[in-house]
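Engineer: This structure is in C-alpha cells; I'll ask about it shortly.
The values are calculated or read from the model by the stated rules, or taken from the named source; none is laboratory data. Computed from a predicted model, the values in this text were never measured in an experiment. Note that we place each Cβ from the backbone using ideal geometry, even for glycine, and neighbour counts take in every protein chain shown.
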C-alpha cells in the first residue's frame, strides 16, 4: 500500500477521485474510467510525488484527461458541483 493511503496524508483522497470522475463524465462527457487508470498509476509514485500531484484541482486533472481546457461555463458548473459535494474551492471564477 502506498504511503499516502496508509498514513492518510491526504484525507480526502476518495472524495478527490470521485470529483475527478464526476467532472469527467458530467462536465466533459468523457469516460470516467480514465480517472481509475490514473489513480492506479499515481499509487505507484513516491509519497512526495503523490503529495505534489494532489495539489492539483480535480478540475485540472479531469481537463488533462479530457484533453482540453474547460470553458468558463464548465468552470462555473464545476465550482457549483464541487461546492455541493463539500469540496473546498480556494478560488472563484
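Engineer: Could you go through the stretch 84-93 and let me know if any residue there is out of contact with any helix residue (DSSP H, G or I) (no Cβ under 8 Å at 6 or more places or on another chain) and surrounded by 11 or more Cβ atoms within 10 Å (Cβ to Cβ). Don't jump to the end; show me each part of the working.
Structural biologist: Here is the first cut: in the stretch 84-93, the residues out of contact with any helix residue (DSSP H, G or I) (no Cβ under 8 Å at 6 or more places or on another chain) are 84, 88, 90-91.
So of that shortlist, the ones also surrounded by 11 or more Cβ atoms within 10 Å (Cβ to Cβ) come out as none.
No - not one qualifying residue is present in the stretch 84-93.
Engineer: Scan (1) crowded, with 18+ Cβ neighbours inside 10 Å; (2) under 14 Å from the mean Cα position of the chain (by Cα) for the single condition residue 74 breaks and write down its number.
Structural biologist: Of everything listed in (1) crowded, with 18+ Cβ neighbours inside 10 Å; (2) under 14 Å from the mean Cα position of the chain (by Cα), residue 74 misses just condition (2).
Engineer: Any chance the stretch 54-68 includes a residue that's assigned to a loop (DSSP other than H, G, I, E, B) and at pLDDT 95 or above?
Structural biologist: yes
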